[in-house]
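Engineer: Handing you this structure, nothing more for now.
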Amino acid sequence: MDDEPERTKRWEGGYERTWEILKEDESGSLKATIDDILFKAKRKRLYEHHGQVRLGMLLEYFVEEYFDQNPISQIGLIVTKSKRAEKMTELSGNSKKHVTALKKAVDMNCSGEPSLYNSLNLAMQTLKHVPGHTSREVLIVFSSLTTCDPANIYDLIKCLKAVKIRVSIIGLSAEVRVCTVLARETGGTYHVILDESHYKELLMYHVSPPPASSSSECSLIRMGFPQHTIASLSDQDAKPSFSMAQLENNSEPGLTLGGYFCPQCRAKYCELPVECKICGLTLVSAPHLARSYHHLFPLDAFQEVPLAEYQGERYCQGCQGEMKDQSVFICKVCQNAFCVECDLFVHDSLHCCPGCIHKHPAPIPV
């Protein structure tokens with residue numbers, strides 16, 4: 001007890017001489033000091049706003065990266081504040097809609113206490129109606145240390161587990177016991193961020209789909225593969241028309257001559273992938289399907305060889321730059337060498353070896 005430093009009592013401490021901040025100028029005016037205080041307050045608000053913008057930008061990046069790697073998947077956004085939960089966007093495969101909603105949410109005032117129960121219940125009411133072959137996931141970005149719930153959240157966790165909804169949480173402050181139980185019981189993950197880069201890393205971890213369980217249903221999915229058609233301006237029979245997306249979003253192009261036409265009901269759309277609003281057919285292109293398929297058969301890891309032991313040309317097959325790193329990465333099939341940046345790009349984004357494609361090009365129809 002004697003080794004503990006003595007704590008200074010509040011009444012024993014020194015005064016905070018706040019009046020010394022105010023300094024008069026030569027004319028006896030306090031205007032210069034007040035202007036300086038107001039300037040610092042504005043800069044402080046700017047820094048705080050910039051922090052919110054950075055968090056929002058990471059979520060926008062996550063949405064764009066998610067649809068880049070999973071083009072035929074869907075996302076919905078839910079926000080909780082003042083003990084309530086409300087949908088920002090419905091389940092949709094349109095990344096622009098979600099990014100626009102996130103940009104508007106920067107100015108939203110999230111006052112009051114959050115409610116995990118209401119948020120999860122709202123998500124469950126949406127996800128429990130999706131087909132059985134889909135992956136039902138909820139990702140929560142949570143900064144609060146409390147949750148205000150109208151009922152027992154542990155009963156809701158049992159319901160989430162029963163309908164096979166996987167809940168993962170990214171904590172922005174500290175670990176919360178109920179989040180630990182929620183992630184463990186539903187088969188999800190729970191991490192608390194260390195800094196901004198760690199937050200981005202955790203978000204990107206959830207871009208790739210989780211392994212499917214053995215109890216997942218298998219079924220055939222009807223899809224349409226419309227080709228983009230453009231009518232000539234000189235064609236007298238060509239008739240401009242609105243796309244289905246333009247009818248609900250005024251920011252889309254107006255009357256156009258071309259587009260993607262649903263092979264089943266001939267409804268027109270400006271971009272893919274999309275679910276037809278008339279007949280419900282999923283419209284995609286072949287590259288979209290291929291990008292969603294690569295998760296099942298990922299590209300094998302390249303063999304890492306020290307640069308001193310590598311006997312081939314010291315130029316990367318991908319970027320054609322000189323390899324100066326400690327190691328080179330060699331494809332086990334085509335034996336082409338790549339630098340570390342191209343190795344990461346091939347496995348994270350391209351998902352196919354450019355050397356193998358160049359060696360065995362696709363046949364060109366005559």
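The values are calculated or read from the model by the stated rules, or taken from the named source; none is laboratory data. Just so you know, these numbers come straight off a predicted model, no measurement behind them. Every residue, glycine as well, gets a Cβ built from its backbone with ideal geometry; the counts of neighbours run over all protein chains shown.
Engineer: Which condition number does Val284 fail, the rest of (1) crowded, with 16+ Cβ neighbours inside 10 Å; (2) more than 30 Å from Ser92 (Cβ to Cβ) being met?
Structural biologist: It is condition (2) that Val284 fails.
Engineer: Further question: Can you give me the number of residues within the stretch 293-313 that are among the aliphatic types (A, V, I, L, M) and either out of contact with any strand residue (DSSP E or B) (no Cβ under 9 Å at 6 or more places or on another chain) or assigned to a strand (DSSP E or B) (or both)?
Structural biologist: Residues flagged as among the aliphatic types (A, V, I, L, M) and either out of contact with any strand residue (DSSP E or B) (no Cβ under 9 Å at 6 or more places or on another chain) or assigned to a strand (DSSP E or B) (or both) within the stretch 293-313 amount to 4.
Engineer: Which residue, of Ser115, Ser144, is within 22 Å of Val192 (Cα to Cα) and in contact with a Ser or Thr (Cβ under 6 Å, 6 or more places away or on another chain)?
Structural biologist: From the options Ser115, Ser144, the qualifying one is Ser115.
Engineer: Only one of these conditions is not met by Tyr293: (1) loosely packed, with under 15 Cβ neighbours inside 10 Å; (2) at pLDDT 80 or above; (3) of a type in the set (Phe, Trp, Tyr). Which number is it?
Structural biologist: Every condition holds for Tyr293 apart from (2).
Engineer: Moving on to the next point. Quick check, is Gln125 more than 24 Å from Leu296 (Cβ to Cβ), of a type in the set (S, T, N, Q) and modelled with pLDDT under 90?
Structural biologist: no
Engineer: Name the residues in the stretch 206-224 that are modelled with pLDDT of 90 or more and within 26 Å of the chain's Cα centre (by Cα), would you?
Structural biologist: His206
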